[in-house]
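J.: Sharing a structure, written as structure tokens. Questions coming.
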Amino acid sequence: MNFTVHVDAGSADGRPLAVRTLVLTGELDHRSAPQLQRALEDAYAERCRHLIIDVTGLGFCDSTGISVFLGARRALASSQGNVTLAGLNQRIERIFRLTGLDQAFSTYPTADEARAAILAT
Amino acid sequence: MYGSGRTFAYWPITDDLSALRGLVQSYGRRAGLAGVRLQDLVLAVNEAAANVLDHALGEGHVQAWHDDRFVTVEVRDRLGELVPSHADAGDPGVGTLRGRGLWLMRQLCDEVMITRDTGGSAVRLRQALGDSPMPG
């Protein structure tokens, strides 16, 4: 299964949004993690402070993927930003619970709910 | 030493871990594993093979066998830097980015054992068949 990162980065008028959403699909592992890392580095370079990572379509995540999620959390914490996860399915929730990631990130059922929560603060 | 189980399997480790996961998944299902316990074994094998890619020059292979009680998957490298005590690795916690593979394998499998001989190191992952309790 291929891995894709879809980036929702700008508003309709082309201005960058304070909240960027990365929609992940497929399998996040040793081979595909660098692709997510590049998308994250683009977001940091454009001074994005709040990232929503939508994992609804993520079928697999290993410890390489977990390292990338934790790296994003660390990178944005240093600029008073944060990473929010949305749409954890049963498989992803299990691995996140085992590794403590469910406690390290705010999680929401959908990216829309995550966005509303960030914009309300 | 591998002759005690039925249906022996052998796969080389490449950087295509997705393909390896598919092979382990099929093997485990045929042996009688299902659901979360099968998913957990597949993830554990993935972690051990990813360690071979990251820490053992990517050179190694995977062997699997099973009997009526256990599915056993052994992930072997040729470098031999893993030693038995590495199997006791603790939870690095979310403040640490890397190095949770072996700890995670222990949460996922009923048994994790590391052996080393002149040919290299091996991580042996074992999942019980039947009505065994959830690990961790």
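J.: Which ones in the stretch A:40-54 are in a helix (DSSP H, G or I) and surrounded by fewer than 20 Cβ atoms within 10 Å (Cβ to Cβ)?
T.: A:GLU41, A:ASP42, A:TYR44, A:ALA45
J.: Please go through the stretch B:22-51 and give me each residue that is out of contact with any strand residue (DSSP E or B) (no Cβ under 7 Å at 6 or more places or on another chain) and basic (Lys, Arg), ordered by number.
T.: Within the stretch B:22-51, B:ARG29, B:ARG30 qualify.
J.: Please enumerate the residues belonging to the stretch A:55-65 that are surrounded by 24 or more Cβ atoms within 10 Å (Cβ to Cβ) and more than 14 Å from chain B (Cβ to nearest Cβ).
T.: Listed by number, the list holds a single entry, A:VAL55.
J.: Kindly provide the set of residues from the stretch A:68-121 that are more than 13 Å from the chain's Cα centre (by Cα), basic (Lys, Arg) and either open to solvent by less than 80 Å² (accessible area, probe 1.4 Å) or under 14 Å from A:ARG49 (Cβ atoms) (or both), ordered by number.
T.: A:ARG94, the sole residue that qualifies.
J.: Quick one: is B:GLY99 in a loop (DSSP other than H, G, I, E, B), at pLDDT below 95 and away from chain A (no Cβ under 12 Å)?
T.: Details: in a loop (DSSP other than H, G, I, E, B): yes; at pLDDT below 95: yes; away from chain A (no Cβ under 12 Å): no.
Answer is no for this residue.
J.: Determine which member of the set B:VAL71, B:VAL83 is surrounded by 14 or more Cβ atoms within 10 Å (Cβ to Cβ) and more than 14 Å from chain A (Cβ to nearest Cβ).
T.: Going through B:VAL71, B:VAL83 in turn, just one is surrounded by 14 or more Cβ atoms within 10 Å (Cβ to Cβ) and more than 14 Å from chain A (Cβ to nearest Cβ): B:VAL71.
J.: While we're here: In the stretch A:66-84, how many residues are within 13 Å of chain B (Cβ to nearest Cβ) and either over 23 Å from B:ARG21 (Cβ atoms) or not polar (S, T, N, Q) (or both)? Spell out the reasoning first.
T.: Narrowing the stretch A:66-84 to residues within 13 Å of chain B (Cβ to nearest Cβ): A:66-75, A:77, A:83.
Checking which are either over 23 Å from B:ARG21 (Cβ atoms) or not polar (S, T, N, Q) (or both) leaves us with A:66, A:68-75, A:77, A:83.
Result for the stretch A:66-84: 11.
J.: Follow-up. Scan the stretch B:13-57 for residues that are surrounded by 15 or more Cβ atoms within 10 Å (Cβ to Cβ) and either within 18 Å of B:MET105 (Cα to Cα) or without any contact (Cβ under 8 Å) to a residue 60 or more places away in the chain (or both) and report the count.
T.: 29
The values are calculated or read from the model by the stated rules, or taken from the named source; none is laboratory data. All values reported here derive from a predicted model rather than from experimental measurement. As a convention, Cβ positions derive from the backbone with ideal geometry for all residues, glycine included, and neighbour counts pool all protein chains shown. Just the protein is used for accessible areas: all its heavy atoms, side chains included, with ligands, DNA and RNA removed. Shrake-Rupley method; radii C 1.70, N 1.55, O 1.52, S 1.80 Å.
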